[in-house]
1. Between a first residue in region 45-60 that is over 21 Å from Thr243 (Cα atoms) and a second residue that is of a type in the set (D, E, K, R), which pairs have beta carbons less than 6 Å apart while being 6 or more apart in sequence or on different chains?
2. Which numbered condition in (1) open to solvent by 10 Å² or more (accessible area, probe 1.4 Å); (2) in contact with a strand residue (DSSP E or B) (Cβ under 6 Å, 6 or more places away or on another chain); (3) farther than 17 Å from Leu114 by Cβ is the only one that Val372 fails?
3. Tell me which helices (runs of 4 or more DSSP H) are completely within region 34-93 and hold 1 or more residues being touching a Cys at 6+ places or on another chain (Cβ under 6 Å) and at pLDDT 95 or above, or say none if there are none.
4. Taking the options Arg117, Arg90, name whichever one is within 19 Å of Leu394 (Cα to Cα), open to solvent by 50 Å² or more (accessible area, probe 1.4 Å) and either away from the ligand (no atom under 16 Å from the Cβ) or of a type in the set (Asp, Glu) (or both).
5. How many of the residues in region 391-402 are open to solvent by 10 Å² or more (accessible area, probe 1.4 Å) and under 18 Å from Leu48 (Cα atoms)?
6. Residues that are free of Cβ contacts under 8 Å to residues at least 12 places away in the same chain and open to solvent by 10 Å² or more (accessible area, probe 1.4 Å): does region 25-41 have at least one?
Amino acid sequence: MISKDIMLGAPVWLATAPPPPATRPVAGPVETRVAVIGAGILGLSTALALAQSGVDTVVLEAAGIGAGASGASGGQVIPGLRFDPGELARVWGAAAGRRAWRFGMETADAAFALIRREGLDCHAEQRGWIQASDTDHGLAEARRRVDLCRQAGQDATLLDRDAIVAKIGSTAYRGGWLHRSGGTVNPLALTRALARAALAAGARVHTDSPAIALRRDGSGWAIATPAGRVTAPSVLVATNALTGGLWPPLARAILPVWSFQVATSPLPEPVRARVLTSGACVSDTRRVLRYFRLDPAGRLVVGGKGTAAAPRRPAQFALQERTMQRLFPFLGALAVTHRWGGQVAIVPGRLPSAHLLAPGLWAAIGCNGKGVAWCLAFGSRLAEAIAGGGPGVLPIPLTPVAPIPFHRLRRLYVAAAAAWLRARDRLDGTGSAGHGGRAKA
Ligand SMILES: Cc1cc2nc3c(=O)[nH]c(=O)nc-3n(C[C@H](O)[C@H](O)[C@H](O)COP(=O)(O)OP(=O)(O)OC[C@H]3O[C@@H](n4cnc5c(N)ncnc54)[C@H](O)[C@@H]3O)c2cc1C
């Protein structure tokens, strides 16, 4: 069930995001070349690219612009996929693995280039992303990643303990690495700006228009909404963790997992001078990872694993508030002004996926916790593929949808997995990652 509110608790981004463009529900019969279901970053960046290349496009959004993860996220623009080229090669084959890795590592630059080109008003700052660690394995991983990036001509730096303490202002980590292409945005502002750009390019964007049925219609597709019917030869399902009963096998292929965030009042000057002075955003390599950044007003925004269900009480954010105090014990009694959550779509392979569910019916999900950069960069490729370029133009191979066995037990899976990961973090002693560096989720 999708809430009509933007989020259960209002994200800090709402206060400073420019208002959304005026949109209304779809009404009556509408014909188009491509129908996009879902107005998050993925649906809208695809719609923008389609409209700009002259393809008639209609976007249907169940609630408001950015109502899903896109408007609730931490707004960290992080390059890369979860795995290295060798690991990707084992999943997708050598050539496809290399191609996907390179595309992934270039997504943050591509995202900021799109933001600049389209003048997307979203408080974008490209001041780097740090992956912080406190185990031997995590540090070895950081060295390997820096080597890989440098071999590919990218700007990555290994951080020893002194360097990471200087950049983050926390003594919680022994080191890590910095990729300079990363950065931050106001994610709700970004999603609304994408909608404005897509409208300006000629796309029709309809909010409060849940797709409630999706059926074959001749050689194309018909989508029913409460007050309308949209027909199109091609459809993109971009519903992420909120994928419901529209295409049941797709919903069964993901585990929706809550991630919660808290934001403080703007840090007072002496404290601000000690926190995240480099301006980079940070996620760590814990299995149950933590991520944090400052917003332009100097509020500290800290996120991590949420509870199994939607947040209802401030006490459910105790983990994030404890994390904040552990990372920065000198914060003192700082007011937490915002607490909110959103759902990340986790897929078992922990890699983004693209599917051709049936002729003309595309879907892309599972960018896990790195979707801001990925979705912005991937949208234009998806648009090219849908507009006639075919799957070959995508940076990742199309894969069949793989429903998770006993998906109805998903709450149990998620709870058991979280307990297991927490226990392994504890076994590591310091609570940090093992193999592979953990992606955001
Ligand atoms: C709390 C949190 C923090 C995160 N932090 C970061 C971060 O810092 N950096 C990062 O890179 N990633 C982060 N992520 C992940 C990132 O936000 C997502 O990967 C990305 O936003 C996914 O975008 P999307 O467009 O695929 O999906 P969404 O933004 O979820 O959009 C899907 C849309 O589909 C709509 N929809 C669903 N069903 C229907 C229907 N039947 N009809 C019509 N519309 C429908 C929904 O209302 C929704 O608006 C975070 C996620 C969460 C939840």
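The values are calculated or read from the model by the stated rules, or taken from the named source; none is laboratory data. Not measured: the values here are computed from a predicted model. Heads up, the Cβs are rebuilt from the backbone with ideal geometry, glycines too, and the neighbour counts pull from every protein chain shown. With ligands, DNA and RNA removed, areas are computed over all heavy atoms of the protein, side chains included. Shrake-Rupley method; radii C 1.70, N 1.55, O 1.52, S 1.80 Å.
1. Val55/Arg33; Asp56/Arg33
2. Val372 satisfies all of (1) open to solvent by 10 Å² or more (accessible area, probe 1.4 Å); (2) in contact with a strand residue (DSSP E or B) (Cβ under 6 Å, 6 or more places away or on another chain); (3) farther than 17 Å from Leu114 by Cβ except (3).
3. 41-52
4. Arg90
5. 1
6. Checking region 25-41: not a single residue is free of Cβ contacts under 8 Å to residues at least 12 places away in the same chain and open to solvent by 10 Å² or more (accessible area, probe 1.4 Å).
Yes/no matrix, rows are residues, columns are (1) more than 28 Å from Leu276 (Cα to Cα); (2) among the hydrophobic types (A, V, I, L, M, F, W, C):
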{"residue": "Val12", "(1), (2)": "no, yes"}
{"residue": "Gly75", "(1), (2)": "no, no"}
{"residue": "Phe83", "(1), (2)": "no, yes"}
{"residue": "Gly86", "(1), (2)": "yes, no"}
{"residue": "Trp92", "(1), (2)": "yes, yes"}
{"residue": "Phe112", "(1), (2)": "no, yes"}
{"residue": "Glu118", "(1), (2)": "yes, no"}
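Rundown of residues vs (1) surrounded by 18 or more Cβ atoms within 10 Å (Cβ to Cβ); (2) β-branched (Val, Ile, Thr), yes/no style:
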{"residue": "Thr225", "(1), (2)": "yes, yes"}
{"residue": "Leu242", "(1), (2)": "yes, no"}
{"residue": "Ser265", "(1), (2)": "no, no"}
{"residue": "Glu269", "(1), (2)": "no, no"}
{"residue": "Arg272", "(1), (2)": "no, no"}
{"residue": "Val288", "(1), (2)": "yes, yes"}
